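Contents: one structure, followed by commentary.
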Amino acid sequence: MKPIIGVTASMETDKAYYSVANRNVKAILAAGGIPIILPYYMEQAEINQISDRIDGLYATGGYDIDPILFGEEPHPQLGTIIPERDQAELALMKIMLEKKKPILGVCRGSQILNIAAGGDMYQDIYSQINKNLLQHSQKAPFDYCSHFVEVKEGTLLHHLTGKSKFRINSFHHQANRAVPDGFQVSGKASDGIIEAIESKIHPFVLGLQWHPEALINERDDPSLKIYQGFIKACREH
């Protein structure tokens, strides 16, 4: 049977509807999973029940994250936040970590994963890091790879992709900063920005700062291998 993958959705400030980019759904389907879009506004008992039913969690991109969740007040460059999404996603992420179920987070999803595990993040890399940085919010099309990620050998990311360096797309102004105990940085950009984190104690918990879901149809791109590895872990769990 194909594993059931819970997919987190975005939401606008009027909270009128949920939205998930079709490329996220297609990526899970292409890798052999069944995506189910998850709701917010749940009680803890309902979150617990969902965590029992899904085989893995796929945390997608979206708006900025409320800095109160990692002990800071809003920076002037902080963008839109949706507190309801933050709270629900954080609660679900924590229980999935506790149950050691597979998690794949992309962009914002990588950041909320890091916070759930006890790490923190930059609210705005360009104003909080005092050195020249790459263009991390590219002006190129979504499916274009604009800069490289350097992958640490021996990591899950290295195992999945078989590559020590490859190009990625980039659409963010926030990024992970301190990684908690039990986690490691498995990928960085040439300017030092963290591009990938992963657990050292869970079978499959991986956060990617880029959007691999937009790249799975590109020739020789490792993105599909990442999703296939995620679905395989969900099936085995």
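Read-outs throughout are calculated quantities, based only on the coordinates presented, and are distinct from any laboratory measurement. On a predicted model such as this, the values are computed, not experimentally measured, just so you know. Reconstructed Cβ throughout: ideal geometry from the backbone, glycine too, with neighbour counts over all protein chains shown.
A few comments on the model shown:
- Here Thr60 meets the list (1) in contact with a helix residue (DSSP H, G or I) (Cβ under 7 Å, 6 or more places away or on another chain); (2) more than 26 Å from Ser186 (Cβ to Cβ) almost entirely, failing just condition (2).
- Every pair of residues 6+ apart whose Cβ atoms lie under 6 Å, when the first sits in the range 41-58 and is at positive phi while the second is of a type in the set (Lys, Arg) and part of a helix (DSSP H, G or I): none
- Among residues of the range 12-33 that are exposed (fewer than 12 other Cβ atoms within 10 Å of the Cβ), those with a beta-carbon under 8 Å from a residue that is polar (S, T, N, Q) and in a loop (DSSP other than H, G, I, E, B) at least six positions away or on a different chain give the pairs Thr13/Thr80.
- Of all residues in the range 191-210, those that are touching a strand residue (DSSP E or B) at 6+ places or on another chain (Cβ under 9 Å) and more than 9 Å from Gly105 (Cβ to Cβ) total 13.
- Matching residues, the range 21-54, being in contact with a Pro (Cβ under 8 Å, 6 or more places away or on another chain) and under 26 Å from Pro83 (Cβ atoms): Asn24, Val25
- Checking the range 150-160 against the condition returns a match, with at least one residue being over 23 Å from Lys232 (Cβ atoms) and either among the acidic types (Asp, Glu) or out of contact with any Gly (no Cβ under 6 Å at 6 or more places or on another chain) (or both).
- Enumeration of residues in the range 186-237 that are over 21 Å from Ala140 (Cβ atoms) and either surrounded by fewer than 16 Cβ atoms within 10 Å (Cβ to Cβ) or of a type in the set (Phe, Trp, Tyr) (or both): Gly192, Lys200, Ile201, Pro203, Phe204, Tyr227, Phe230, Arg235, Glu236, His237
- The range 41-86: number of residues that are within 16 Å of the chain's Cα centre (by Cα), assigned to a helix (DSSP H, G or I) and not acidic (Asp, Glu): 1
- Some residue of the range 194-201 being touching a Phe, Trp or Tyr at 6+ places or on another chain (Cβ under 9 Å) and of a type in the set (Asp, Glu): yes
- Among the numbered conditions (1) charged (D, E, K, R); (2) in contact with a strand residue (DSSP E or B) (Cβ under 8 Å, 6 or more places away or on another chain); (3) not in a loop (DSSP other than H, G, I, E, B), the only one that Lys232 does not meet is (2).
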